[in-house]
Every structure is written in structure tokens, then in C-alpha cells.
Amino acid sequence: MAVKVIIPTPLRAYADKQESVQLQASNVGEAMQALTARFKELKKHLYSDDGRLRSFVNVYVNDEDIRYMQKDQTPLREGDTVSIVPSIAGGLQQ
Amino acid sequence: MSDFVLKISQELAGKIRAHGVQTYPHECCGAILGRESEGAREVLGLMPLANRRDDSPRNRFEVTPDDVRLAEKSARDQNLELIGWYHSHPDAPARPSEFDREHAWPWYSYIIVSVQSGQPRDMNSWRLRDDRCAYDSEAIESTARSASI
């Protein structure tokens, strides 16, 4: 089904400067896979070298955080909006 | 010489330093709102946020995704962009750590203020490189005018 994925502003440079893209996907994992297949430069900013979503990268379906749903197996319905939202973390090395 | 320049009024720069002093010896954090046109980036507002790392606030900070979404909405409501984030390094230099690098995205401006023994010291801004391997320094250009919002 067709869903909209919103590209966060910092990553638009790696997605042909688009604010959002339409993709065909039946769950969040498929949507993220389709997104990074279309825009390969996005992948390193979303996934770590071991293939896992980076710890500070969060995905929402409409207004729901997928961590509290079925994670990357969260089903998508026609017209859903998928958002990629960072949590901002950092600090000293100690 | 840095290719990036971040303009910020003395008033707003002072607010970042004051936030770092207020939360010392813990790290402060907040969102940076502003505008960018033709490569020129200017800070026009700040949104101080709570450091959600209750377990180790002296050497870590965290802004939750819900707070990030609030900051994005606040920027949109003011016809601004969310252009970056600031935080403090208590009793440490205003340089990004390895932990900072692992948790960053390019494009954002990351301002770090050093707070030594409760007093604000250096304040620097950084931009993560496309290849995620290192940061580039972003020159901070002080402007006299007050914030427009």
C-alpha cells in the first residue's frame, strides 16, 4: 500500500532534497528498506554498521512511536505517514 | 578556516551560557531555531529543554523524540527551522566527544559551551561530516542585534 515517509530536514540532502516520498510497503521494516534502497546515502545515517537502526533514530507511524507498537513489524495502512525522528544525545566521554 | 558560519546575537549566546551555568554541574541542552538561506545560517530563537538523562546528567544529555517533535513544531509555528542543538560540557572543553559523534546527524549545528567550575568559558559550534567520521568547526559570528522573535 502507498504510504508517505517524511524525510527529516538534516537528511534531505541524501534524498534528492525531498521533504517526503511515497513508497509501497505493508509494514515499517519494508518502508525503511524501500527508502534506503532508493536513497543509498541515507542508510549510514539511519543504520549502524551491524545493520541495526541507530539507537537515537526513532520511527513514528502517524503519531505513534513504533517502539510501543510492533517495532519494524508494525503494519501500515494505505495513506499512513511514517516519520523519522531523532532523539538528541551526547555528552562527555567519561 | 571553517566553511560554515553560524550567526548568533550576543543576547542568545548569553542565554546558552546562562543555561549551562544554571544546570552546572549537570549538562544543559536545548534546541536552536533559526533560518538558513544561501548557506548563511542564523540563530533566531532557543528552546531550552530538560536533560532526560537522570542517571548520569553530569556527563550525558538526552532530548527525547517527543521533545524533538515539540521543538520542530515550535519552529514551524514561528516560521523558523530547527537548525541544531546546544549542550554544555561541565569542566571539560567545548569539543564534541566520541559519544557526541555517534549520536549526531550532518546538517545540524551543534553548539557546545564549556562550563568550568560553574563559569562559562569557550563556546564552539560543530557540524558532522557526511561520512560521519569527524566534525568540522562552524565559525560563530556574533551579531549585536537582538533576536527577531
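The values are calculated or read from the model by the stated rules, or taken from the named source; none is laboratory data. It should be emphasised that the depicted structure is a prediction, and the values quoted were computed from it without experimental measurement. Heads up, the Cβs are rebuilt from the backbone with ideal geometry, glycines too, and the neighbour counts pull from every protein chain shown.
Conditions tested, residue by residue: (1) loosely packed, with under 11 Cβ neighbours inside 10 Å; (2) under 13 Å from the mean Cα position of the chain (by Cα); (3) part of a helix (DSSP H, G or I); (4) within 14 Å of chain B (Cβ to nearest Cβ).
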{"site": "A:33", "(1), (2), (3), (4)": "no, yes, yes, no"}
{"site": "A:43", "(1), (2), (3), (4)": "no, yes, yes, yes"}
{"site": "A:51", "(1), (2), (3), (4)": "yes, no, no, no"}
{"site": "A:59", "(1), (2), (3), (4)": "no, yes, no, yes"}
{"site": "A:67", "(1), (2), (3), (4)": "no, yes, yes, yes"}
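Taking the conditions exactly as written (among the β-branched types (Val, Ile, Thr), in contact with a Pro (Cβ under 7 Å, 6 or more places away or on another chain) and either surrounded by 17 or more Cβ atoms within 10 Å (Cβ to Cβ) or at pLDDT 95 or above (or both)), does residue A:85 satisfy them or not? When the stated conditions are applied, residue A:85 passes them. Can you name every residue in region B:59-97 that is of a type outside the set (A, V, I, L, M, F, W, C), facing another protein chain (nearest Cβ under 7 Å) and part of a helix (DSSP H, G or I)? Listed by number, the residues that qualify are B:65, B:69.
Summed over region B:57-113, residues that are touching a helix residue (DSSP H, G or I) at 6+ places or on another chain (Cβ under 7 Å) and in contact (Cβ under 8 Å) with a residue 60 or more places away in the chain total 4.
Between B:50, B:40, B:31, the distinction of being hydrophobic (A, V, I, L, M, F, W, C), within 23 Å of residue A:87 (Cα to Cα) and at pLDDT below 95 belongs to B:50 only.
Here residue B:56 passes the criteria (1) among the hydroxyl-bearing types (Ser, Thr, Tyr); (2) more than 22 Å from residue B:40 (Cβ to Cβ); (3) in a strand (DSSP E or B) except the one numbered (3).
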